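S.K.: The structure under discussion is supplied below as structure tokens; questions concerning it will follow.
The values are calculated or read from the model by the stated rules, or taken from the named source; none is laboratory data. Here the structure is a predicted model, which means the values were calculated and not measured. When we count neighbours, we look across all protein chains shown, and the Cβ atoms used for this are built from the backbone with ideal geometry, even at glycine. Keep in mind that these areas ignore ligands, DNA and RNA; they rest on the heavy atoms of the full protein, side chains included. Shrake-Rupley method; radii C 1.70, N 1.55, O 1.52, S 1.80 Å.
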Amino acid sequence: MADKILVTGGLGYIGSHCVVALCEAGFEPVIVDNHSNARASVLERLERLTGRSMTCYDLDIRNRAGLETLLQREPCSGLIHLAAFKAVGESVARPLVYYDNNVGGSVSLFDAFEAAGGGAIVFSSSATVYGEVNAEPLHEALPVQPNNPYGQTKAMMEQVLADMVRAPGARSQGLALRYFNPAGAHDSALIGEDPKDQPNNLFPIIVQVAVGQRESLTIFGEDYDTPDGTGVRDYIHVVDLAQAHVKALQALLGGGFEVPFTALNLGTGTPYSVREVVSAFEAELGRSLLQTLGPRRPGDVATLLADPRAAAEQLGWTAERGLEAMVTDAWRWAGAARQWGLWDEDD
Ligand code: UDP
């Protein structure tokens, strides 16, 4: 029988792609999602995409008793934990909401998972744990020093997981995956990034401009110390990212690590500036996009680039898709989402 894997936040952008990758690898995903940032129709689209029925629980990870009942009914050998709030600005305005949901929720979830017998835990972390560091590319041995509450919650959750799996008698092993800038969508165009609120990230904002939902793109600064003056990031295709989660899970389940906790970067190591991303979209669309120049966004750094070597060595994983695929797939997904009226109204 296929191993069951609990996927918290399984209806979200990254979670839904992880669910597909798990199915393709022969696992049986058990989704937990409280629908705080996901549309109900994701489930149906996941079923269409995978050709199988999905097990999904409408549950908040802070509901310790609910998790316990669920894990009794659905014994899971692995956990991919993605459920979290993720808006940096909101985390500055409402830190306690972030600590409660992200840190409190993770403690409750890890506790329930360990009590049910433990297993392989893959935790969704972020490059934001490195903070405003002046190193390029970023490798895992750099200090963890996030500069906003959202990043703090990710760093704390890494620490919670590390301490938990190192405790005497612990039954779980843990791996934190530090994402750089996820982008793109599944090439079926059945799932993709679908923010319920106003997006803050470059890709969904460019898409909004391209579909006419937003007048222009504001470029946040062109006086950075980068080749064209705009911010440079390490964009990684969400399908590559999802596959890394499966590799991580397989490595943990196969007992592939000498230490109970590891943190790995997930990026490509290839730098792209804001202008280069915009140009790639313009090439895809065959038209130009209206841009205005704005001031730097507080908290932004000039360059964020992953050193992806540790993930390659330890998971046998490297990203296969480049910027062009991210743009093409994001645009194909936008076409489908608009056709279904997803972005006209709430479903
Ligand atoms: N960016 C921009 N305009 C926007 C949104 C983002 O110029 O409307 C820039 C931002 O300053 C950064 C890059 O795009 O250099 C990626 O930003 P995003 O918010 O997607 O990711 P993060 O800041 O987390 O790296």
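S.K.: Length gain on complete extension for the stretch Arg73 to Asp228, per 0.36 nm per residue less the alpha carbon to alpha carbon distance?
M.R.: 50.3 nm
S.K.: Looking at this model, which pairs from Lys86/Lys154; Lys86/Lys247; Lys4/Lys154 are more than 19 angstrom apart at the alpha-carbon?
M.R.: Values: Lys86/Lys154 10 Å; Lys86/Lys247 24 Å; Lys4/Lys154 25 Å.
Cα-Cα > 19 Å for Lys86/Lys247; Lys4/Lys154; rest within.
S.K.: What is the set of long-range amide H partners of Ile31 at a cut-off below 5 Å, with H atoms built 1.01 Å from backbone N?
M.R.: Here the answer is Val7, Thr55, Cys56, Tyr57, since their amide H atoms fall under 5 Å of that of Ile31.
S.K.: I'd like the per residue volume of the convex hull spanned by the Cα atoms of segment 246-303, given in cubic angstrom. Mind dumping the intermediate values first?
M.R.: Details: hull volume 8.7 nm³, N = 58.
Convex hull of Cα atoms, per residue: 150 Å³.
S.K.: Continuing with the same structure: Count charges around Ala170 for me, please; just the other residues with Cβ under 11 Å from its Cβ, Lys/Arg as +1, Asp/Glu as -1. Kindly include the intermediate steps, with their values, before the conclusion.
M.R.: On the way: positive: Arg166, Arg171; negative: Glu114, Asp163.
Net of charged neighbours comes to 0.
S.K.: Kirkwood hydrodynamic radius (Cα pairs, Å) of the chain? Walk me through the numbers on the way to the answer.
M.R.: Working: mean 1/r = 0.0490 Å⁻¹.
Hydrodynamic radius (Kirkwood, Cα pairs) of the chain is 20.4 Å.
S.K.: Given the options Ala306, Ala330, Ala115, which has the most mean-square fluctuation in a GNM of the chain, springs set between C-alpha atoms less than 10 angstrom apart?
M.R.: Fluctuation is largest for Ala115.
S.K.: Moving to a separate point now. Top to bottom by accessible area (1.4 Å), largest first, where do Cys76, Cys56 land? Please list the in-between numbers first.
M.R.: Working: Cys76 15, Cys56 40 Å².
Accessible-area ranking of Cys76, Cys56, largest first: Cys56, Cys76.
S.K.: How much space per residue, in cubic angstrom, does the convex hull of the C-alpha atoms of segment 205-272 take up? Please report the intermediate quantities before stating the final value.
M.R.: Values: hull volume 9.6 nm³, N = 68.
Residue-normalised Cα hull volume stands at 141 Å³.
S.K.: As an exercise, take the mean of 1/r over every pair of distinct alpha carbons in segment 129-263, invert it, and state the Kirkwood radius in angstroms.
M.R.: Values: mean 1/r = 0.0560 Å⁻¹.
Hydrodynamic radius (Kirkwood, Cα pairs) of segment 129-263 is 17.9 Å.
S.K.: How much net charge surrounds Tyr98 when only other residues with a Cβ under 14 Å from its Cβ are counted (Lys, Arg +1; Asp, Glu -1)?
M.R.: Working: positive: Arg62, Lys86, Arg94, Lys154; negative: Glu90, Asp100.
That works out to +2.
S.K.: If you plug each phi of segment 154-159 into the Karplus form 6.51 cos²θ - 1.76 cosθ + 1.60 with θ = phi - 60°, what whole-Hz ³J(HN,Hα) values come out, in order, with x for Gly and Pro?
M.R.: Each residue of segment 154-159 in turn: 5, 4, 5, 5, 4, 5 Hz.
S.K.: DSSP loop (so not H, G, I, E, B), at most 16 other Cβ within 10 Å: list which trypsin sites (Lys or Arg not before Pro) in segment 285-347 pass both filters.
M.R.: Values: sites: Arg287, Arg296, Arg309, Arg321, Arg332, Arg338; in loops: Arg287, Arg296, Arg321.
Qualifying residues, ordered by number: Arg287, Arg296.
S.K.: I would also like to ask the following. Apply the Karplus curve 6.51 cos²θ - 1.76 cosθ + 1.60, θ = phi - 60°, to the phi angles in segment 231-248 and return the couplings in whole Hz, x for Gly and Pro.
M.R.: Those phi angles translate into x, 10, 9, 10, 7, 10, 5, 4, 6, 4, 4, 4, 5, 5, 4, 5, 4, 4 Hz.
S.K.: Okay, next question. Specify the inter-centroid distance of segment 39-70 and segment 202-269, based on alpha-carbon positions, in whole Å.
M.R.: 25
S.K.: Okay, moving on. So what is the accessible area of the chain per residue, in Å², with the probe set to 1.4 Å? Spell out each step's value before the answer.
M.R.: On the way: 14730 Å² over 347 residues.
With the other protein chains kept in place, the chain gives 42 Å² per residue.
S.K.: Moving on. Please return the longest stretch of the chain lacking exposed loop sites, where GluC sites (Glu not before Pro) count only if DSSP places them in a loop and at most 10 other Cβ atoms lie within 10 Å.
M.R.: Details: sites that count: Glu215, Glu258, Glu345.
So the longest stretch without any such site is 1-214.
S.K.: With every protein chain present, what accessible area does Lys247 have (1.4 Å probe, heavy atoms only), rounded to the nearest 10 Å²?
M.R.: 80
S.K.: Right, another one. Given N residues in segment 1-91, what is Rg(Cα) / (2.2 N^0.38 Å)? Let's see the in-between values first.
M.R.: Working: Rg = 12.8 Å, N = 91, 2.2 N^0.38 = 12.2 Å.
Ratio of Cα Rg to 2.2 N^0.38 Å: 1.05.
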